[in-house]
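Data first, discussion second: the structure below is written as structure tokens.
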């Protein structure tokens, strides 16, 4: 897509959208949002970048292929589910730190699970869309 | 008793699948990890079965939310023995896949999907929550769509479209049934539903809800009249995949039928007659299909349909003897059907085709292999004292006791047709000499190294040994089966274990 306005805007939108996606990821435990929505927003940022620049350019920006994020995300989620098991608690029990961390708030295993979902969503969406766009080029 | 061991069988497959995703495109590492993961899962399953057998029903409330509000996972003897048999099949197919699956398929994620499928199966067996059961069914069908269409040949895509359409329809019926059930009882926990549905006064409404589950699970386990997707799709994927599908996927539908129709909807006259009529028609249609087919795998697909009818009929009769027969048949069928599709794959390796008119002379060329296959084929037919024989005795006895003569006749016709079909296959594939001058027939087995050959034959030997044990050590299986039937008839231990309260029987 050859549009100077969009091209200029997307370079500024990319970091803003990424920051916003992390904000959505973190607020998800008490307010609407979470890993899935956050992941979608983050992938929209990269998709917008690939529209205006090029899929190859976005892949270079990412450094790693988005496909590699899928097992990492799944692993993070599965581990957060499995950690209570090692302590003899039922699987998926929410474990929380007592003291809230500044800015982020309370941190628990649910946040780690959501982080995994966030990574999986980015990985899946970008893999699917980039495969289609590279195939059609 | 609460124990975290309940969830281990599917956690093991989950982590194996994730580990396999890290080794994307490294096919040698994937083969090793898959076999190791399956072995670990088998160890876990044996451990789970022995602790359930010794200590009674084990439960685990996910995240510590008490039943009936959270999701319960329950391992009783029925579910843990299904997990055990699935792990046997899983290990055999994992080893077989190491040479039986082309490298191209492995590059596109065959092994991770295989383990996600096994995870879904184990989850479906172990869950104690009906919506969670639906979720596991979704995990199973998503993984099976990928396995079925992986490779992208035209016939495969055609088969997977039929498979997908029918399975999505089945899921819709199942989900609608869950919705209605939740609407009338306000609960999703199977143990809690058992109490609440049992106390319902409007039995017509309960029967109507049950129909949704019969249709949903009926499509999944290929019961008449919704069986046709199975024979038109199961012959398309590679044999290792077909083995998992034929041995395990239709059986998870049967498992769900047994679970739902002993715990939630206890068959009354209406449901019982409905199930028996469906069973008779299923056996007959499967029989007619199997008799006319000439391709080995198509023929076996119709035999699956035929034998599904035996189990549904056993459930329909709903006496203790009938349930014991149906469960015994289920255990025997899981092992034999997995094995027979692996054998079909081996025959394809030996001859390059599965058309019975084009092949022959296997007995002259490979006498030992033929003998091994004969054991499995005869078990499928049920020649005494092999494993298919004992459950049929139970089913006949139950049929005569309760005067279900149509079902008895159908089972006799089904058994004879199985005998006829297998005898035809034996004569054509093994005894007839190889027809001359047929293009495309080549032996892909002889040039293989000894190691690769043993990877193909080993799983068949392993499963044949289990089948022999089921046949020759039938008294052990009968002990297990009778225990399960007692738990099905008197569900209070299950309900008590899940809800952690005392229930008067």
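The values are calculated or read from the model by the stated rules, or taken from the named source; none is laboratory data. In this text the structure is predicted, and so the values were computed from the model without any measurement. Heads up, the Cβs are rebuilt from the backbone with ideal geometry, glycines too, and the neighbour counts pull from every protein chain shown.
Things worth noting here:
- Within segment B:233-259, the residues that satisfy the criterion of being modelled with pLDDT under 85 and closer than 16 Å to residue B:306 by Cβ are B:234, B:235.
- If only residues of segment B:31-46 that are surrounded by fewer than 24 Cβ atoms within 10 Å (Cβ to Cβ) and within 14 Å of chain A (Cβ to nearest Cβ) are counted, the one that is farthest from residue B:487 (Cα to Cα) is B:33.
- Among the numbered conditions (1) surrounded by 18 or more Cβ atoms within 10 Å (Cβ to Cβ); (2) under 20 Å from residue B:336 (Cβ atoms), the only one that residue B:478 does not meet is (1).
- Test: residue B:498 is within 30 Å of residue B:75 (Cα to Cα) and modelled with pLDDT of 90 or more: no
For (1) farther than 12 Å from residue B:130 by Cα; (2) part of a loop (DSSP other than H, G, I, E, B); (3) touching a residue at least 12 places away in the same chain (Cβ under 8 Å), each residue gets a yes or a no:
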{"site": "B:167", "(1), (2), (3)": "yes, no, yes"}
{"site": "B:174", "(1), (2), (3)": "no, no, yes"}
{"site": "B:177", "(1), (2), (3)": "no, no, yes"}
{"site": "B:181", "(1), (2), (3)": "no, no, yes"}
{"site": "B:200", "(1), (2), (3)": "yes, yes, yes"}
{"site": "B:204", "(1), (2), (3)": "yes, no, no"}
{"site": "B:217", "(1), (2), (3)": "yes, no, yes"}
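- Scan segment B:487-505 for residues that are closer than 21 Å to residue B:50 by Cβ and loosely packed, with under 14 Cβ neighbours inside 10 Å and the total you get is 0.
- The set of residues in segment B:466-505 that are more than 16 Å from residue B:194 (Cβ to Cβ) and touching a strand residue (DSSP E or B) at 6+ places or on another chain (Cβ under 8 Å) is empty.
- Residue B:470 satisfies every condition listed in (1) modelled with pLDDT under 90; (2) part of a helix (DSSP H, G or I); (3) within 21 Å of residue B:344 (Cβ to Cβ) except (1).
- Qualifying positions in segment B:13-30 - under 30 Å from residue B:54 (Cβ atoms) and at the interface with chain A (Cβ under 10 Å from one of its Cβ atoms): B:14, B:15
- Total residues in segment B:64-82, condition within 10 Å of chain A (Cβ to nearest Cβ) and touching a residue at least 60 places away in the same chain (Cβ under 8 Å): 2
- Selected residue [within 11 Å of another protein chain (Cβ to nearest Cβ), closer than 28 Å to residue B:461 by Cα, part of a helix (DSSP H, G or I) and under 23 Å from the mean Cα position of the chain (by Cα)] from B:114, B:10, B:88, B:49: B:10
- Tally of residues being outside any loop (DSSP other than H, G, I, E, B) and either more than 14 Å from chain A (Cβ to nearest Cβ) or in contact with a strand residue (DSSP E or B) (Cβ under 6 Å, 6 or more places away or on another chain) (or both) across segment B:52-63: 8
- Just one residue in the set B:345, B:314 is in a helix (DSSP H, G or I), within 21 Å of residue B:413 (Cα to Cα) and touching a helix residue (DSSP H, G or I) at 6+ places or on another chain (Cβ under 9 Å); that residue is B:314.
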